[in-house]
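Dropping the structure in here first, questions after.
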Amino acid sequence: MSSPSDARRRLPAVSVLLEQPEVASLRTPTNRVELADAVRSAVGQVRDGTTPFPESPDHWAAIIAAELQRIERPSLRPVVNATGVVLHTNLGRAPLATQALAAIQAAASGASNLEYELTTGTRGSRYTHAVQLLRQLTGAEDALVVNNCAAALVLALNTVADGKEAIISRGELIEIGGSFRVPDIMAKSGALLREVGTTNRTHLDDYRRAASPATGVIVKVHRSNFEQRGYVAEATSTELVPLTGELGVPLLHDFGSGLMLDLSPWGLTGEATAREALGTGHSLLVMSGDKLLGGPQAGIILGPAHLIAACRRNPLTRALRVDKLTLAALEATLALYRDPRVAREHIPVLHMLTATPGDVRARAEHCLTALVAAGHEGEIVPALSTVGGGAFPTAQIPSFAVALRAGAANLEERLRTGRTPVIGRVADNTLLLDPRSVWPPLPDTLTTPVLEALS
């Protein structure tokens, strides 16, 4: 039997492997460099003992083919979200409706009137697209779409309070995903933060005492990812509106979630819709497009026409502008809200959040049946899904999950590293796969990649 050193002496040269018919058959007009890299990588694996020495050309070709597939695989890949967190920020937040995907394809496949006025044949503005629907659905006088909610906040603050004080409660100086903190984002706008109140209690008089000729705006931030209970107090937006009127400054509300429909019939309470938030008299409201709204990543600013016009004229708008694909997807998503029943059926986020536990259980049972038939053990267990994405932070939605107990950590890794990665969650040494967060809600969307990864 050959020793490892003997085997290494028998390693063929990269050039020799590239000329072998079994390897040469992998070559295409566009992958010559990648194929050479795959051969080098395969030889390196054999040299360091990671891979056993291949004893045939077919074996070499198989290893090289696997390496070529790895090299050519895109870094951004589709995955199956079986975590039970519907709006999972790390997994891309809101999936898009079929209508939004069609709109993207139409906008991307040729020229469009992105900045061209068809009625006059003159230069137009990208900031007119989706505006009419936003006005109609929220009651806002005007709207502006930029590339995300943090950008919308920075732009709005820079427009109304550059070099002036922005009064904000200490209880609303929150940290959002990725360790980004609202006060740090706000500081980049050029506004000067003026903190009032305490962590748990802030009163209207705190804002009133802090007001001065240097005040440019009062800011209200929605605590989207946590909830305060106990000995707490806050000045509501309704209370702050008269004060901003007295001071002659705007009230800016970081609304965040982008909720457009009342979800209380499905047990999701305590979150205002965009129309309701505007109805309290906010001067400017900023929200996300890819959270509860269910559209693409975007930052939406709603408010009075004169303030939106000022934001639109701000040079920062150019740096924060959205592309045609975002606008196409957003407009198509908003159009579905004309009929709330259509929106709940076709917008994935709303469909997933309002699906009945019975529907979720049926999909879980389909997956389990297939797994048992393939020789795996598991069971259906009650589960609690969550909304995610900084919305309804304490809400727990009754659901069901496929529970795999034997070697949960190993199973989780195998699913996560499969050809189509399946992301579940491990709790109490059990791998849970919750179909509520899986889109589209078809039985095989979860079942097929799970079986592939475990086969």
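What's the magnitude of the charge dipole for the chain around its Cα centre, counting Lys and Arg as +1 and Asp and Glu as -1 at the beta-carbon? Answer in Debye, nearest 20.
Numbers: 43 positive and 45 negative charges, 147 e Å.
For the chain, the charge dipole is close to 700 debye.
Still on this structure: Rounded, prolate or oblate: which one fits the range 151-259, using the alpha carbon gyration tensor with axes a ≥ b ≥ c (rounded when a/c is under 1.5, else prolate when a/b beats b/c, else oblate)?
Working: a/c = 1.59, a/b = 1.07, b/c = 1.49.
Verdict is oblate for the range 151-259.
Where both residues lie in the chain, what percent of DSSP beta bridges are antiparallel, nearest 5?
Expressed as a percentage, antiparallel bridges in the chain total about 55.
What net charge do the residues around Pro57 carry, taking every other residue with its C-beta under 14 Å from that of Pro57, with Lys and Arg at +1 and Asp and Glu at -1?
Values: positive: Arg10; negative: Glu19, Glu22, Glu55, Asp58.
Net charge in that neighbourhood comes out at -3.
Then there's this: For Thr448 and Arg209, what does the FRET efficiency come to when R0 = 45 Å and r is the distance between their Cβ atoms, rounded to the nearest 0.05?
Details: r = 62 Å, r/R0 = 1.38.
Computed FRET efficiency for Thr448 and Arg209: 0.15.
In whole Å, largest first, what are the principal axis extents of the Cα atoms in the range 240-298?
On the principal axes, the range 240-298 reaches 39, 26, 12 Å in Cα extent.
Along the Cα-to-Cβ line of Ser15, 7 Å from the Cα, sits a label point; which residues in the range 35-69 have backbone N less than 16 Å from it?
From the range 35-69, the list is 36-37, 40.
For the range 405-455, run through the trypsin sites (Lys or Arg not before Pro) and keep only the ones in DSSP coil with at most 15 other Cβ atoms within 10 Å of their Cβ. The partial results should precede the final answer.
Working: sites: Arg405, Arg414, Arg416, Arg419, Arg425, Arg436; in loops: Arg405, Arg419.
Within the range 405-455, the qualifying trypsin sites (Lys or Arg not before Pro) (loop, at most 15 other Cβ atoms within 10 Å) are Arg405, Arg419.
Express the Stokes-Einstein translational diffusion coefficient of the range 98-343 in µm² s⁻¹, to the nearest whole number, given a Kirkwood radius over alpha-carbon pairs, 20 °C and a viscosity of 1.002 mPa s.
115
Take the alpha carbon atoms of the range 128-190, find their center, do the same for the range 279-337, and report the distance between the two centers in whole angstrom.
10
What whole-number value in cubic angstrom gives the convex hull volume per residue for the C-alpha atoms of the range 243-347? Write out the running numbers ahead of the final one.
Working: hull volume 11.8 nm³, N = 105.
Per residue, the Cα convex hull of the range 243-347 comes to 112 Å³.
Please work out, to two decimal places, the log10 of the ratio I(q)/I(0) at q = 0.13 Å⁻¹ from a Debye calculation in which every Cα of the range 11-72 carries one identical scatterer.
Per q value, in the given order, log10 I(q)/I(0) is -0.27.
For the cross-link pairs Lys188/Lys324; Lys220/Lys324; Lys164/Lys220, which exceed 22 Å when the distance is taken from alpha carbon to alpha carbon?
Values: Lys188/Lys324 27 Å; Lys220/Lys324 31 Å; Lys164/Lys220 16 Å.
Pairs exceeding the cut-off: Lys188/Lys324; Lys220/Lys324.
Test of the criteria: in the range 55-129, which GluC sites (Glu not before Pro) are in a DSSP loop and have at most 11 other Cβ atoms within 10 angstrom of their Cβ? Intermediate results must be reported in sequence, preceding the final value.
On the way: sites: Glu55, Glu67, Glu72, Glu115, Glu117; in loops: Glu55, Glu115.
Those satisfying the criteria are Glu55.
For the chain, compute Rg over Rh where Rg is the Cα radius of gyration and Rh is the Kirkwood radius from the inverse mean 1/r over Cα pairs. Don't jump to the answer; show the numbers that get you there.
On the way: Rg = 27.1 Å, Rh = 25.3 Å.
The Rg/Rh ratio comes out at 1.07.
Below 12 angstrom from the Cβ of Ile308, what's the summed charge of the other residues (Lys, Arg +1; Asp, Glu -1)?
Details: positive: Arg135, Arg312, Arg313; negative: Glu141, Asp142.
Combined, the nearby Lys, Arg, Asp and Glu give +1.
Let me ask another. I want the local charge near Thr202. Using Cβ-Cβ distances under 13 Å, sum +1 for each Lys or Arg and -1 for each Asp or Glu among the other residues.
Spelling it out: positives minus negatives among the neighbours equals +1.
Just so you know, all these numbers are worked out from the coordinates, no wet-lab data involved. Every value quoted in this text rests on a predicted model; they were computed, and no experiment measured them. A quick note on method: Cβ atoms are made from the backbone with ideal geometry, for glycine too, and the neighbour counts reach across all protein chains shown.
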